[in-house]
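Peer 1: The structure that follows is given in the form of C-alpha cells.
Rule-based calculations on the coordinates, nothing more; no lab input. Just so you know, these numbers come straight off a predicted model, no measurement behind them. Here the Cβ positions follow ideal geometry from the backbone for every residue, glycine too, while neighbour counts run over all protein chains shown.
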Amino acid sequence: MPTYRRGGHVRDDDDGVERECELCDWHCVADSYPALVREYQTHLRTDHPKAWLRA
Ligand SMILES: [Zn+2]
C-alpha cells in the first residue's frame, strides 16, 4: 500500500505551468493550463491591446 501521501501535502511543484510574454518581461505561473491562458489573455488585453486584437 502506498504511503507517500501524508497529511495535507497532495500537490507538488511539478504541477505548475509557466508562460512568458513574447513582448515584455511579464511571466506567469499557474496551477493549470486554462488558468494560465486566462492570465496571459488578461495581460495581453491590458498591456498589449494591439497584440490582443490580432490574437
Ligand atoms: Zn507583455
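Peer 1: Per residue of the stretch 22-38, in order, report the coupling 6.51 cos²θ - 1.76 cosθ + 1.60 (Karplus, θ = phi - 60°) as ³J(HN,Hα) in whole Hz, putting x for Gly and Pro.
Peer 2: 3J(HN,Hα) across the stretch 22-38, in whole Hz: 7, 10, 7, 8, 4, 8, 9, 10, 9, 6, 9, 5, x, 5, 5, 4, 4.
Peer 1: Let me ask something else about it. So how far apart, in nm, are the two label points at ARG45 and ASP15 if each is 7 Å from Cα heading toward Cβ?
Peer 2: 2.7
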